[in-house]
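Enquirer: Below is one structure. I have some questions about it.
The values are calculated or read from the model by the stated rules, or taken from the named source; none is laboratory data. Nothing here was measured: the structure is a model prediction, and the numbers come from that model. Every residue, glycine as well, gets a Cβ built from its backbone with ideal geometry; the counts of neighbours run over all protein chains shown. Note: accessible area is taken over every heavy atom of the protein model, side chains too, but ligands, DNA and RNA are not part of it. Shrake-Rupley method; radii C 1.70, N 1.55, O 1.52, S 1.80 Å.
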Amino acid sequence: MIDFSLFSTFDLLGTVAFAISGALAAMSRKLDLFGIFIIAFVTATGGGTVRDILIGNNPVMWMENTFYIYLISIITFLAIIFRHKINHLKTSLFLFDTIGLGVFTITGVEAGIENGLSPIISIALGAITGTFGGVIRDILCNEIPVIFRKEIYATACIIGALAYVILYDLNVDNDVIYVVTSLIVISIRLVVVKFKIALPSFYIDPPDEKAS
Amino acid sequence: MIDFSLFSTFDLLGTVAFAISGALAAMSRKLDLFGIFIIAFVTATGGGTVRDILIGNNPVMWMENTFYIYLISIITFLAIIFRHKINHLKTSLFLFDTIGLGVFTITGVEAGIENGLSPIISIALGAITGTFGGVIRDILCNEIPVIFRKEIYATACIIGALAYVILYDLNVDNDVIYVVTSLIVISIRLVVVKFKIALPSFYIDPPDEKAS
Amino acid sequence: MIDFSLFSTFDLLGTVAFAISGALAAMSRKLDLFGIFIIAFVTATGGGTVRDILIGNNPVMWMENTFYIYLISIITFLAIIFRHKINHLKTSLFLFDTIGLGVFTITGVEAGIENGLSPIISIALGAITGTFGGVIRDILCNEIPVIFRKEIYATACIIGALAYVILYDLNVDNDVIYVVTSLIVISIRLVVVKFKIALPSFYIDPPDEKAS
């Protein structure tokens, strides 16, 4: 089940980073052991699960490969044990998380193209796969998803996904596409965070709730 | 992909109205550009997506027809640009929203019947298709869904869906069914809002949380 | 559609208990009639719905069997009528709820095994089927799911599901498996609540929201 190609290694790093981000969010909300594991699990697998449900790929990815459930269990325990030291890993975690974002985006775009969906839908699927783990984590923790509020997180996904679709159309080799797309997502995210760039928001007063 | 039959035009108006209601909700919560677009998108497509997932119609409807993603992108930008003037459109928006409710309900009932589901389940599927875009919007915005709290919004769906099933059983022509069902949903909603009719609610003190 | 085997009777009791727990949660949040019904419905059917979506069993279970929608409608009305007397039923409800937990867990594990999933994934599917009705109920009511915060609710599921998988592997008769698994889940839950045992939680200060 496990292979050690570049892509798989990236997928692994991304899963680890997303699981840790989920475990940290759960611990900061005083959830119990089960809650911490579940939040870690859905953060790491949620994007891929939504992707598979939307395109009808059943059973969803983590059900056919036990690797994820074991990996995330181990990571959850490590995150709990080292919960007070995890701050020292902040930079590594941020890098892993960004790698995960890039890799998960790629798996989404790829699934879209393989299922014969149009380029723009494949890009959307890539962005959903990259971001929805975090969205579900925030919903379960009773927060408005952070990616809707700040940081050009999803935008990095979308631009990377766009690059993927263009390179694919130009018949570029798959491995090259993976590397270039990942590098684009990662670079944008690093630049955005470094220079604290944010998407604009447009505030209005709450509307009356007539429409539903 | 686009046709201009009565039904398609109604579907379009409904999508526009739901997308605007999502964009307004997002802006009133200070979400960024990406958040505004996503909330607009899920409000407009959420009901149909849940419908397709429940009956196993994959890929879901907006993935096979790029029309929705382009339409909702344009509507989101227009909603942002005219965000301070949108109040003047309140009446039109309310009408579009109600039309959308009627049309989306019909697509749900129709999908149920086509998949050989029983009448009561088809009605439930109609109500879900009509209302769940708004439900997902409110969950993402961290609110208890407004349709659970006030207005006989879903009730209009359910009565319209019931009419659909009865007319279908009487072998009435499809176009007639569409028009009659839509008119019923729209009329109920107009009367309800005009006379501020509400479903009863039944308050009890919070139970202890033993059961889950 | 209805049969009166032991398993079906347990399934019925579980559905009733879960529907009541949903209706009570909705009433304590001042939802209207429609909201009360929907929350009762998703609490009772949510676990099975998520199970069916994850493994690709479409249409989902409550769409193919009208029994659930009628049963839950009746239970919702009874719960509303007797809302001030329901406290007297607390012990019965707790027992039904626990039975439901056991039965729903079994249907999940069984579905996993029948679909050729590995034991650990089948256990996970059992736990999801047992608990996600309550998770969706709490999300719709805008709360962090109670099972992530306290009580060894899910742990009882997981241990029961583990027993199921082991007994199944030993070729034990299905009826015996059902009874033993249910008894394990129910006993654990009773002991846990009786002695107020809780899973540990591990609090940390909220992390900065860099990772998503």
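Enquirer: Calculate the spin-label point distance for C:Phe67 paired with A:Asp173, positioning each point 7 Å from the Cα along the beta-carbon direction, and give it in nanometres.
Expert: 5.9 nm
Enquirer: Shifting gears a bit: Ranked highest first by average number of other Cβ atoms within 10 Å, how do A:112-120, C:188-196 line up?
Expert: On the way: A:112-120: 17.6, C:188-196: 14.3.
In decreasing order of mean packing, A:112-120, C:188-196 become A:112-120, C:188-196.
Enquirer: Per residue, how much accessible surface does the protein assembly as shown expose to a 1.4 Å probe? Answer in Å², no decimals. Let's see the in-between values first.
Expert: Details: 25850 Å² over 636 residues.
Result: 41 Å² per residue.
Enquirer: Rounded to the nearest percent, how much of the accessible area of the range B:6-194 (1.4 Å probe, protein heavy atoms only) is carbon and sulfur? Intermediate values should be presented prior to the final figure.
Expert: Working: 4460 of 6780 Å².
Roughly 66 percent, rounded to a whole number.
Enquirer: Defining the label point at 7 Å along Cα→Cβ, can you sort the distances from B:Ser92 to the same site in each other copy, shortest first, in nm?
Expert: 5.8, 5.8
Enquirer: Inside 10 Å of the C-beta atoms of C:19-27, what's the mean count of C-beta atoms belonging to other chains?
Expert: On the way: counts 0, 2, 5, 1, 2, 6, 6, 5, 7.
Across C:19-27, the average partner-chain Cβ count within 10 Å equals 4.
Enquirer: So, one more: Please compute, for peptide A:58-67, the average count of beta-carbon atoms on other protein chains lying within 10 Å of each residue's beta-carbon.
Expert: Whole-number average of other-chain Cβ neighbours for A:58-67 is 5.
Enquirer: If you take each beta carbon of peptide A:83-89 and count the beta carbons of other chains within 10 angstrom, what is the mean? Show your work: numbers first, answer last.
Expert: Numbers: counts 3, 3, 0, 2, 4, 0, 0.
Counting Cβ atoms of other protein chains within 10 Å of each residue's Cβ and averaging gives 2.
Enquirer: Quick one: with label points 7 Å out along Cα→Cβ, list the inter-copy distances for A:Ser73 in nm, shortest first?
Expert: 4.4, 4.4
Enquirer: Now a separate question. Roughly how big is chain C's charge dipole about its Cα centre, with Cβ charges of +1 (Lys, Arg) and -1 (Asp, Glu), in debye to the nearest 20?
Expert: Values: 13 positive and 17 negative charges, 189 e Å.
Dipole of chain C, to the nearest 20 debye: 900 debye.
Enquirer: Let me ask something else. I need the peptides A:13-24, B:56-67, C:23-34 ranked by packing, meaning the mean over residues of other C-beta atoms within 10 angstrom, with the highest value on top. Write down the numbers at each step before the final one.
Expert: On the way: A:13-24: 26.4, B:56-67: 18.1, C:23-34: 23.6.
Going from most to least packed, we get A:13-24, C:23-34, B:56-67.
Enquirer: Go through the range B:33-54 and flag every residue whose accessible area shrinks by 50 Å² or more with all protein chains in place compared to the isolated chain (probe 1.4 Å).
Expert: So the qualifying set is B:Leu33, B:Phe34, B:Ile53, B:Leu54.
Enquirer: Let me ask you something else. Placing a label point 7 Å from Cα toward Cβ, how far apart in nm is C:Gly116 from its equivalents in the other copies, listed shortest first to one decimal?
Expert: Shortest to longest, the spacings are 2.3, 2.4 nm.
Enquirer: Quick one: if you stick a label point 7 Å off each Cα along the C-beta vector at A:Thr91 and B:Ser28, how many nm between them?
Expert: So the two model labels end up 4.5 nm from each other.
Enquirer: Please list the helices of chain B that count as membrane-span-like by this rule: a mean Kyte-Doolittle hydropathy of at least 0.0 together with Cα atoms stretching 24 Å or more along the helix axis, each helix being a complete DSSP H run. Let's see the in-between values first.
Expert: On the way: long enough: B:6-27 (32 Å, 1.63); B:33-55 (33 Å, 1.69); B:90-114 (36 Å, 0.96); B:119-140 (31 Å, 1.45); B:153-169 (25 Å, 1.56); B:174-194 (30 Å, 1.71).
Going by DSSP H runs, the hits are B:6-27, B:33-55, B:90-114, B:119-140, B:153-169, B:174-194.
Enquirer: If you take the accessible area of B alone, add that of A alone, and subtract the area of the pair, what total do you get in Å², probe 1.4 Å, to the nearest 100?
Expert: Details: alone 12260 and 12230 Å², together 20830 Å².
Summing both sides, the interface buries roughly 3700 Å².
Enquirer: Also: Tell me, what is the FRET efficiency for B:Phe195 and C:Val193 to the nearest 0.05, using R0 = 45 angstrom and their Cβ-Cβ distance as r? Working shown, then result.
Expert: Working: r = 48 Å, r/R0 = 1.07.
According to the calculation, E is roughly 0.40.
Enquirer: Rounded to two decimals, what ratio of Rg to Rh does the protein assembly as shown give with C-alpha atoms and a Kirkwood Rh? Don't skip to the end; give the middle numbers.
Expert: Details: Rg = 24.0 Å, Rh = 25.1 Å.
Radius of gyration relative to Kirkwood radius: 0.95.
Enquirer: Hey, what did the range C:131-195 get for relative contact order, percent, Cα under 8 Å, at least 6 apart? Don't skip to the answer; put the middle values down first.
Expert: Numbers: 40 pairs, mean separation 19.6, N = 65.
Across the range C:131-195, relative contact order equals 30 percent.
Enquirer: Next up: Please list the radius of gyration and Dmax for the range B:86-212, considering alpha-carbon atoms only, with Å as the unit.
Expert: In order Rg, Dmax, the Cα atoms of the range B:86-212 give 16.3, 52 Å.
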